[in-house]
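Working notes, beginning with the structure itself.
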Amino acid sequence: MINLLISSKDAIDYVEHIERAKIADLSIQICPKDPALISDAHTIDVVLGEPNLCIDVLPHCPNVKWIQSTWAGIKPFFDSAPHDFKLTGVKDIFGPQMREYVFSYLLYFARRIQTFKDLQTNRNWTQPLCAPLQGKTIGILGMGSIGTEIAKTAKHFGMHVIGIAQNIRQLDFVDEFYQLNQLQEFAHSLDYLVVLLPHTDKTEKLIDKGVLSLLNHQCILINAGRGQVIDENALLHALSHNQLQAAVLDVFIKEPLAEDHPFWGLDNLYITQHTAAISKPDEISKIFLQNLRLFNRNEKLINLIDWEKGY
């Protein structure tokens, strides 16, 4: 018998999806609001849920062998938890949502949508020039599955694609590839910078004052990775002094963003409240069930996190 604890705001949805699979010898329990009230906590083998909730469960469930995160970001485990269990993340499902998110804003700026709406409001027939995406250079900082999806789409628009990651590799839809230690060279010629990196010790505040100063003043920065990757004070200064055309931020160092945070008042900053790609229980459940079968057979799990690398 495997005892599964679900610690998620969408726990009921997860139970429904998992029960449909009719897995034998699986007992499911939804975590109560107070983890101290978990029934037979010492028997819990597996936990499925959001990292910020799972870490509160761990002190009460000493025999957990495996945790399946429902988020792509798993930094809370590195900050708070002992590493005596297997941890799996989620990959290869957020690409379509992220692709739509990034290109909705690229097209918004390229086709000057707000300008045309303002002209309409003022009954003004002025015909502003647009700057098509074709021929523009997009830099993708983080070439995992999401970065790959965005790179493919960029080539459909005829863009010049520059990728940067830990290791250089050959991809048909990436025109140039840099390693992370070549960040300054990478930043020089970008029209758009898309940040998709996870939060690790190596990536914290990687986009700092120095990197921002290298970007073209017409560059548009989009961060849909982790807020900690950008030095928010440096970005605030750059946007306030028009060192960048604009920034689109889906993630922040502290969420929700405080009501008195100066970001709210910037006209050239677009805030999207961590909604670029939402974890959907039906998609996450498929990954979990696939891993559960592997776990039952004592085989290597999919998307297993390397504790040393941090991802």
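Take the conditions (1) loosely packed, with under 11 Cβ neighbours inside 10 Å; (2) at pLDDT 95 or above; (3) in contact with a helix residue (DSSP H, G or I) (Cβ under 8 Å, 6 or more places away or on another chain); residue 278 misses just one of them, which is (2). Note on the stretch 189-244: among residues that are of a type in the set (Ser, Thr, Tyr) and touching a helix residue (DSSP H, G or I) at 6+ places or on another chain (Cβ under 9 Å), the one that is modelled with the lowest pLDDT is 200. Within the stretch 9-28, being open to solvent by less than 20 Å² (accessible area, probe 1.4 Å) and either hydroxyl-bearing (Ser, Thr, Tyr) or in a loop (DSSP other than H, G, I, E, B) (or both) holds for one residue alone: 14.
A quick yes/no check of all residues on (1) closer than 18 Å to residue 198 by Cβ; (2) modelled with pLDDT under 95; (3) among the β-branched types (Val, Ile, Thr):
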{"site": "266", "(1), (2), (3)": "no, no, no"}
{"site": "287", "(1), (2), (3)": "yes, no, yes"}
{"site": "290", "(1), (2), (3)": "no, no, no"}
{"site": "309", "(1), (2), (3)": "yes, yes, no"}
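Examine the stretch 160-173 for a residue that is of a type outside the set (Ser, Thr, Tyr), open to solvent by less than 20 Å² (accessible area, probe 1.4 Å) and not in a strand (DSSP E or B), and state whether such a residue exists. No - not one qualifying residue is present in the stretch 160-173. Residue 115 satisfies every condition listed in (1) of a type outside the set (A, V, I, L, M, F, W, C); (2) touching a Gly at 6+ places or on another chain (Cβ under 8 Å); (3) in a helix (DSSP H, G or I) except (2).
Could you please let me know if residue 237 is out of contact with any Phe, Trp or Tyr (no Cβ under 7 Å at 6 or more places or on another chain) and open to solvent by less than 70 Å² (accessible area, probe 1.4 Å)? Taking the combined requirement at face value, the residue does not satisfy it. Restricting to the stretch 17-39, name every residue that is farther than 25 Å from residue 297 by Cβ, out of contact with any Gly (no Cβ under 9 Å at 6 or more places or on another chain) and touching a residue at least 24 places away in the same chain (Cβ under 8 Å). Hits for the stretch 17-39 are 30, 35, 36, 38. For the structure I just gave you, tell me whether residue 116 is of a type in the set (Phe, Trp, Tyr), more than 29 Å from residue 57 (Cβ to Cβ) and in contact with a Ser or Thr (Cβ under 8 Å, 6 or more places away or on another chain). Considered against the rule, which asks whether it is of a type in the set (Phe, Trp, Tyr), more than 29 Å from residue 57 (Cβ to Cβ) and in contact with a Ser or Thr (Cβ under 8 Å, 6 or more places away or on another chain), residue 116 comes out as no. Of the strands (runs of 3 or more DSSP E) lying entirely inside the stretch 206-311, the ones with 2 or more residues being of a type in the set (Val, Ile, Thr) are found at 220-223. The set of residues in the stretch 185-197 that are in contact (Cβ under 8 Å) with a residue 24 or more places away in the chain and open to solvent by 60 Å² or more (accessible area, probe 1.4 Å) comprises 188, 189. Checking each residue in the stretch 281-311 for being without any contact (Cβ under 8 Å) to a residue 24 or more places away in the chain and open to solvent by less than 30 Å² (accessible area, probe 1.4 Å) picks out only 294.
For the stretch 34-51, which residues satisfy the criterion of being surrounded by fewer than 20 Cβ atoms within 10 Å (Cβ to Cβ) and either assigned to a helix (DSSP H, G or I) or of a type in the set (A, V, I, L, M, F, W, C) (or both)? Answer for the stretch 34-51, where residues must be surrounded by fewer than 20 Cβ atoms within 10 Å (Cβ to Cβ) and either assigned to a helix (DSSP H, G or I) or of a type in the set (A, V, I, L, M, F, W, C) (or both): 35, 36, 37, 38, 42, 43. Return the residues of the stretch 139-159 that are aliphatic (A, V, I, L, M) and open to solvent by 40 Å² or more (accessible area, probe 1.4 Å); say none if nothing qualifies. Within the stretch 139-159, no residue meets the criteria.
Conditions tested, residue by residue: (1) outside any strand (DSSP E or B); (2) aromatic (Phe, Trp, Tyr); (3) under 19 Å from residue 34 (Cα atoms).
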residue: 58; (1), (2), (3): yes, no, yes
residue: 78; (1), (2), (3): yes, yes, no
residue: 87; (1), (2), (3): no, no, no
residue: 90; (1), (2), (3): yes, no, no
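Once the stretch 91-138 is narrowed to residues that are surrounded by 13 or more Cβ atoms within 10 Å (Cβ to Cβ) and of a type in the set (Phe, Trp, Tyr), the residue that is modelled with the lowest pLDDT is 94. Comparison of 31, 54 shows that the only residue that is more than 24 Å from residue 311 (Cβ to Cβ), out of contact with any Asp or Glu (no Cβ under 7 Å at 6 or more places or on another chain) and buried (at least 22 other Cβ atoms within 10 Å of the Cβ) is 31.
The values are calculated or read from the model by the stated rules, or taken from the named source; none is laboratory data. Only a predicted model underlies this, so the values are computations on that prediction, with no experimental measurement involved. Glycine gets a Cβ as well: all are built from the backbone with ideal geometry, and neighbour counts include every protein chain shown. For the accessible areas, the whole protein counts, side chains as well, though only heavy atoms, and no ligand, DNA or RNA atoms are used. Shrake-Rupley method; radii C 1.70, N 1.55, O 1.52, S 1.80 Å.
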